[in-house]
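Here's the structure we're looking at; comments come further down.
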């Protein structure tokens, strides 16, 4: 009788377990161990999915490019080497040219505003999901758009207004951010991120275009004197994706759980990004860096110049048969929506 009851309990447990039982996922990204983005997005995502599926869903996490370089992670997801991968559209613009729209210097001043607007485009059924991501074989699980990049000037340079940037050699990552710097008469210089500190210390560059939250990890505060505040010279998009083929093969209940947890991760991730920026800004100021709010006339001129970057980006894509203007307009409308 006891064995019958135990057997019945086991059978009931099996019936109650989600269809997602026995699923295991290899997750890869390029962030170093302890990086705030991974700590506040993919790690809690994995933990919550595992919790909601009663431990039946497991994850193997490979940070710091252990599965492959950042630019190769999209291909690794599509090939099945990674089941879930960090993909930065900026690293694969040849494959996802429209998906960098949130990196344009548009009208948002904090991570959550940009993230919520971008999420509307890349989530299931969104414009970018339909016209670029799904055709590329991808399903976005969640995303975070970082706080807008600011310009940091090195020791020996002052920041009093827009004219302070003219002729300055400013490190950037290319693309729209390079165009943004040219709009303010600065000279864009492309240098790998790990080499920026040395370039700043040697005077090879006069400044760098960086998110506030990346200054401390790369020890750039000692080499900075001034920084812009309240401007948007571009941003950076983080997405974690799964191959659409893999996603479609998952049990419906697991897809539902992942969608719900992904939605929550979007909100929590951007709030943590903003908190990290605020905390790091305080540390940077304590290190002697002065953040400067430019005169209103200069700020308004920068906004006008930055809007030209988006227009030119969209026009170029339109000429290539891509829906640049449609995507830019959709992102701007999403930003304006309450």
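Only the coordinates and a few stated rules stand behind these numbers; no lab work does. All figures in this text were calculated on a predicted structure; none of them were measured in a lab. Reconstructed Cβ throughout: ideal geometry from the backbone, glycine too, with neighbour counts over all protein chains shown.
By average Cβ neighbour count within 10 Å, what is the ranking of 56-63, 106-113, 247-254, 138-145 from highest down?
With the highest mean Cβ count within 10 Å placed first, the list reads 138-145, 106-113, 56-63, 247-254.
Determine one quarter of the surface area of the Cα convex hull of segment 81-167, which equals its mean projected area, and express it in nm² to one decimal.
8.2
In segment 97-141, which residues have a backbone nitrogen under 18 Å from the label point lying 7 Å from residue 319's Cα in the Cα-to-Cβ direction?
So the set is 97-98.
May I ask for the angle, rounded to the nearest 10°, between helix 324-336 and the longest principal axis of the chain, with both axes built from Cα atoms and the value confined to 0 to 90°?
90
Starting from the coordinates of the alpha-carbon atoms of segment 211-295, obtain the Kirkwood hydrodynamic radius over all distinct pairs and give the value in Å to one decimal.
Kirkwood radius, segment 211-295: 15.8 Å.
Can you quote the Å³ per residue value for the convex hull of the Cα atoms in segment 25-150, rounded to an integer?
About 119 Å³ per residue, rounded to a whole number.
Assuming a viscosity of 1.306 mPa s and a temperature of 10 °C, what translational diffusion coefficient in µm² per second does Stokes-Einstein assign to segment 296-338, Rh being the Kirkwood radius over Cα pairs?
The diffusion coefficient I find is 141 µm²/s.
Could you sort the peptides 66-74, 147-155 by per-residue average Cβ neighbour count (10 Å cutoff), highest mean leading?
Packing order, densest peptide first, comes out as 147-155, 66-74.
Round to the nearest 10 and give me the degree value, 0 to 90, for the angle of helix 42-52's Cα axis relative to the longest principal axis of the chain.
So the inclination is approximately 20 degrees.
So how far, in whole Å, is the C-alpha centre of segment 174-213 from the one of segment 224-256?
Cα centroid to Cα centroid, the span is 23 Å.
Can you pull a Stokes-Einstein diffusion coefficient for the chain at 37 °C (0.692 mPa s), Rh from Kirkwood over Cα pairs, as a whole number of µm²/s?
Reported coefficient: 155 µm²/s.
Counting just the Cα atoms, what span does segment 194-338 cover along each of its three principal axes? Round to the nearest Å and put the largest first.
Answer, in whole Å and largest first: 54, 35, 33 Å.
At q = 0.16, 0.18, 0.21 Å⁻¹, what base-10 log of I(q)/I(0) does the Debye formula yield for segment 111-228 when every alpha carbon is treated as an equal point scatterer in vacuo?
The computed values of log10 I(q)/I(0) come out as -0.80, -0.90, -1.06.
Under the rule of -39500 (n - 2.57) per DSSP H run of 4 or more residues, summed and divided by the residues of the chain, what mean residue ellipticity at 222 nm is obtained, to the nearest 500 deg cm²/dmol?
Helix contribution divided over all residues of the chain: -13500 deg cm²/dmol.
Where does helix 296-319 land angle-wise versus the long Cα axis of the chain, in degrees 0 to 90, nearest 10?
The angle comes out near 60 degrees.
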